[in-house]
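Note sheet for the following structure.
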Amino acid sequence: MAGVRRAAPVILHVIAPLVAGAAIYLLLRAPTLLVFGWVDAAGGEAALRAARGHTLAYARALGDTALFSAPDALWVYALTAAMLLVWRGQPGRARHAWIVSGVLLGAGSELGQLAGVVPGTFDGRDLLVSVGAFALALLLTPTRPTIKRTR
C-alpha cells in the first residue's frame, strides 16, 4: 500500500497528463503529424485507425485550445511536476533550474517560432497555456519530501 501512495503523485501529475496529451495527438489531430509515422513503424496503424473512428467526431466539439494548445500545456505541466517530485526537499539553484526547464522549453519554443529560429507557427495561446500549466504544476504538485517509516 505504501508503494501505491508513493507512486500516486507520479501517476497523477506526470503520467496522466502525458497520456492525455498523447491521446489528443493520436485520437483527435490530423494524421500528418510525425507521431503517426512512429505508430505505423511500431505496427499500431490498424488499432489507431479503429480508435480514431470512435473519437474524431469529438474533435470539433473540443475547440482549438483543447486540440492544439492543451498538449503543450500538458507536457509542460508533466515535466514541471516531474522535476518538483524529483527535487522535492532538495535545496539549491540546480533544483530551481530543473523545475523551470519545462516552462523555458515550452515558452522558449513559442518565442523561438515568433523569432523564426524554431520551425512552426507562433501562437500566443500556446505561450499562455504553457505558463499557466507551469503555474498549476507549482500549485498542485506535492513538494513535501516523503518520510520513510521504519518498524
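Which condition does Leu74 not pass, out of (1) over 22 Å from Ala22 (Cα atoms); (2) within 11 Å of the chain's Cα centre (by Cα), if it passes all the others?
(1)
Just wondering, is there one or more residues in region 104-120 that are of a type in the set (D, E, K, R) and over 29 Å from Thr143 (Cβ atoms)?
No, region 104-120 has no match at all.
Give, as residue ranges, the helices (runs of 4 or more DSSP H) completely inside region 21-129 that count at least 3 residues that are out of contact with any Ser or Thr (no Cβ under 6 Å at 6 or more places or on another chain), in contact (Cβ under 8 Å) with a residue 60 or more places away in the chain and hydrophobic (A, V, I, L, M, F, W, C).
Of the helices (runs of 4 or more DSSP H) lying wholly inside region 21-129, those with at least 3 residues that are out of contact with any Ser or Thr (no Cβ under 6 Å at 6 or more places or on another chain), in contact (Cβ under 8 Å) with a residue 60 or more places away in the chain and hydrophobic (A, V, I, L, M, F, W, C) span 70-87.
Please go through region 130-144 and give me each residue that is in contact (Cβ under 8 Å) with a residue 12 or more places away in the chain and assigned to a helix (DSSP H, G or I), ordered by number.
Answer for region 130-144, where residues must be in contact (Cβ under 8 Å) with a residue 12 or more places away in the chain and assigned to a helix (DSSP H, G or I): Ser130, Val131, Gly132, Ala133, Phe134, Leu136, Ala137, Leu138, Leu140.
Of Thr80, Thr150, which residue is modelled with pLDDT under 95 and of a type in the set (Ser, Thr, Tyr)?
The match here is Thr150.
Surrounded by fewer than 20 Cβ atoms within 10 Å (Cβ to Cβ), in contact with a Phe, Trp or Tyr (Cβ under 7 Å, 6 or more places away or on another chain) and on the phi < 0 side of the Ramachandran plot: which single residue out of Leu136, Leu62, Leu104 fits that description?
Result: Leu136 is the single residue among Leu136, Leu62, Leu104 that is surrounded by fewer than 20 Cβ atoms within 10 Å (Cβ to Cβ), in contact with a Phe, Trp or Tyr (Cβ under 7 Å, 6 or more places away or on another chain) and on the phi < 0 side of the Ramachandran plot.
Provide a single number: the residues in region 1-57 that are within 20 Å of the chain's Cα centre (by Cα), of a type outside the set (A, V, I, L, M) and surrounded by 14 or more Cβ atoms within 10 Å (Cβ to Cβ).
Result for region 1-57: 8.
The values are calculated or read from the model by the stated rules, or taken from the named source; none is laboratory data. All figures in this text were calculated on a predicted structure; none of them were measured in a lab. Every residue, glycine among them, receives a Cβ derived from its backbone with ideal geometry; neighbour counts consider all protein chains shown.
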